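Scroll down for the structure; my scribbles are underneath it.
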Amino acid sequence: MIDTSIFQDKTAVYYTLGCKLNFSETSTIGRTLREAGVRTARKGEKADICVINTCSVTEVADKKCRQAIHRLVKQHPGAFVVVTGCYAQLKPDTVARIEGVDVVLGAEQKKDLLHYLGHLQKNESGEVHTSALKDIRSFAPSCSRGDRTRFFLKVQDGCDYYCSYCTIPFARGRSRNGSIASLVEQARQAASEGGKEIVLTGVNIGDFGKSTGESFFDLVKALDEVEGIERYRISSIEPNLLTDEIIDFVAQSQRFMPHFHIPLQSGCDEVLKLMRRRYDTALFASKVRKIKEVMPDAFIGVDVIVGTRGETEAYFEEAYRFIEGLDITQLHVFSYSERPGTQALKIEHVVSPEEKHRRSQRLLELSDRKTHDFYARHIGQTLPVLLERAKPGVPMHGFTPNYIRVEVPHDDRLDNQVLWMRLGSFNEEQTALRGEEDALARKNS
C-alpha cells in the first residue's frame, strides 16, 4: 500500500514528446498523481515533480528529449524528475546520467509510477527501472482527455512487425491489447464525462486482439454501439490490416468518421522491400480506391519517410509519381534517421542530409496542394463541426466529420458543441475554412 500523504499539496508538471499514444499515457499518469493528491503546477509556478514522457522515433527526437529534460530541470530547481517513454526504455543509462534526473522508468514500469517516487528525495544519480524486451508484457489502460475536446482511447500497445528502420518494437515490446469489454466500458466513462469524440490510439492498432483472441473489426463494431459518443477516429492503421469490411462498416456508421490515416512510408516497391513492410504499392492503391468508392469525401492522411537507406534518386522519383497519383488529402513527411541496432544500417546506399531535405520539401509542397484542393472542393457545403476550446480572443476551430478544419469567431459557449456550419473561404493563413452557423440545417438535423 502506497502512503499518499507525502503527495498532499505537491505540484507537478508534465511534458510529452512524440505520438498521440504518449499524450494519452501522460494524461493517465497525471490523473493517477492527482488522485494521490498532487496538483498540476500553474504557469510560472515551481513544481515539486517533473514527469517527462519521451519519444525515440528519430535521432532528432532523442535530442529533443535531452533538451526538454535539461530545460525542465533548470525551470524547476529541486524538483523530483521522472523520465519515462521510448527513449527512457532504449537508452536508460544515458538518461540516468543527465544532471537532475532521479528516476528512469521503462515501458513496463511507467504504469506504476507512484511506486517509484519514494519520498520525493533527490538522488545523486538517476535510478533505472526497466525490463528486458521479453518481459514487457502488460497492457496499461489509458483513456484520457486531451487539451481540447476529444478523448484518446489506448486500445493496443507494442508491435510485432520489426520494420528495418524502426526501434519501436524494442521500446514498447510485443503487440498486446485490452479486452473489448474493458475498452467499451472506458468509452462509456468518457461519454459520461461529456466526451463527444474518441480517437483510437496504439502502436499497431490493426493488430488488435493478439492477447485476447479478438479482432479490431470486432472492437470497432462494439464501440459503435456506445451511446453518447458521437464521433470515433482511427488514428493510424497499417494498409494490410485495413480490411474491406472495416472500410464498408465505417462508410455506413454514424459514429466512425470518414477519416483514415494510413502509413505508406514509400511509394516504391523496391524501397518497401528494403523497409520490410508487409504490402506493396498495388495493395496500398487498392485501399485508397476502396475508401473513395464508398466514401468519396473521406480524408486520407498518409505517412511517408524520405531518404531511407537504399532510396536512390530513381526510386524517389518513382515514389513521388505514385503518391502524386493517389487520391489522398495530406502527407506526413519524415526524414529517415539512423537508429542503432536496426537492420537498415546494413543497406549500403546512404542519402545525404541535403538530399533528404530536398525530397521532403517536394513532398510537403505536394501535400499542401492536395490538402488545399480537398478543402476547396468543400467550400459552400454545410457540415457538422465539433468546436474546440481556444484561448480568449483567439478564433475557435473545430473539425467536420472528414477532418476539415473550420474557424469561427471566439465564443466560450460553443466549446464541445456540434454545430452545422456553412463552409466559406480560406482563413488568412490558408489553414482552415471560415465557418458560419447554418440555423436551418441545425433545425432539420
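This ranking places Arg172, Arg137 by how few other beta-carbon atoms lie within 10 Å of each, fewest first, which gives Arg137, Arg172. Taking amide H as placed 1.01 Å from N in the peptide plane, the amide H of Gly173 sits under 5 Å from that of Cys159, each at least 5 places away or on another chain. Each DSSP beta bridge with both residues in the chain is either parallel or antiparallel, and the antiparallel ones are about 35%. Short-range pairs are left out: with C-alpha atoms under 8 Å and at least six residues apart, the relative contact order of the stretch 134-256 is 25 percent.
The stretch between Val350 and Val294, if pulled fully straight at 0.36 nm per residue, gains 16.1 nm over its current Cα-Cα span. Using only Cα coordinates, the Kirkwood hydrodynamic radius of the chain works out to 23.3 Å. For His261, the residues whose amide H sits under 5 Å from its own are Ile237, Gly301, ignoring neighbours fewer than 5 places away on the same chain, with H placed 1.01 Å from N.
Fewest to most neighbouring Cβ within 10 Å: what's the order for Glu388, Glu99, Glu230? Each step should come with its number before you reach the end.
On the way: Glu388 19, Glu99 11, Glu230 16.
Lowest to highest Cβ neighbour count: Glu99, Glu230, Glu388.
Shown is the FRET efficiency for Glu35 and Ser179, computed with R0 = 25 Å from the Cβ-Cβ distance and rounded to the nearest 0.05: 0.60.
Within 10 Å, count the other beta carbons around each residue, average over each peptide in 374-380, 116-122, 22-28, and list them highest first. If you can, show how the numbers build up before the last one.
Details: 374-380: 14.6, 116-122: 12.6, 22-28: 22.1.
Top to bottom by mean Cβ count within 10 Å: 22-28, 374-380, 116-122.
Which whole-number percent gives the relative contact order of the stretch 250-407, counting Cα pairs below 8 Å spaced six or more residues apart? All intermediate terms of the calculation are to be shown ahead of the outcome.
Numbers: 212 pairs, mean separation 35.8, N = 158.
For the stretch 250-407, the relative contact order is 23 percent.
The order of the peptides 241-249, 149-157 by mean Cβ neighbours within 10 Å, most packed first, is 149-157, 241-249.
Could you tell me how far the Cα centroid of the stretch 205-233 sits from the Cα centroid of the stretch 8-77, in Å? Between the Cα centres of the stretch 8-77 and the stretch 205-233 lies a distance of 30 Å.
Phi-derived couplings, Karplus 6.51 cos²θ - 1.76 cosθ + 1.60 at θ = phi - 60°, listed residue by residue for the stretch 274-283: 4, 6, 6, 6, 9, 7, 10, 5, 5, 5 Hz, with x used for Gly and Pro.
Would you mind checking the pairs Lys111/Lys346; Lys63/Lys196; Lys287/Lys370; Lys20/Lys110; Lys290/Lys356 and listing those with alpha carbons more than 26 angstrom apart? Don't skip to the end; give the middle numbers.
Details: Lys111/Lys346 36 Å; Lys63/Lys196 36 Å; Lys287/Lys370 18 Å; Lys20/Lys110 16 Å; Lys290/Lys356 32 Å.
The answer is Lys111/Lys346; Lys63/Lys196; Lys290/Lys356.
The amide H of Arg278, built 1.01 Å from its N in the peptide plane, has no neighbour under 5 Å, considering only residues 5 or more places off or on other chains.
With an 8 Å Cα cut-off and a minimum separation of 6 or more residues, compute the relative contact order for the chain in percent.
On the way: 897 pairs, mean separation 41.6, N = 445.
Answer for the chain is 9 percent.
In this simple spin-label approximation, Thr431 and Ile6 carry label points 7 Å from Cα along the Cα→Cβ vector, and these lie 4.3 nm apart.
You can think of it this way: the chain between Asp412 and Ser138 has 94.6 nm of extra reach, that is 0.36 nm per residue less the Cα-Cα gap.
The string of couplings for the stretch 392-406 from the Karplus curve (6.51, -1.76, 1.60, θ = phi - 60°) is x, x, 9, x, 7, 9, x, 10, 6, x, 9, 6, 7, 7, 10 Hz, one whole number per residue in order, with x for Gly and Pro.
Derived scalar couplings between HN and Hα for the stretch 173-179 equal x, 6, 5, 7, 7, x, 7 Hz in order, rounded to whole Hz, by the Karplus curve 6.51 cos²θ - 1.76 cosθ + 1.60 (θ = phi - 60°), x for Gly and Pro.
Listed from fewest to most Cβ neighbours within 10 Å, the set Ser335, Ser142 follows the order Ser335, Ser142.
For Tyr15 and Ser131, the FRET efficiency from 1/(1 + (r/R0)^6), where r spans their Cβ atoms and R0 equals 30 Å, is about 0.80.
Every number here is computed from the coordinates shown, using simple stated rules; none is lab data. As the structure is a prediction and not an experimental result, all values here were calculated from the model. Please note: Cβ atoms are built from the backbone with ideal geometry, for glycine as well, and neighbour counts cover all protein chains shown.
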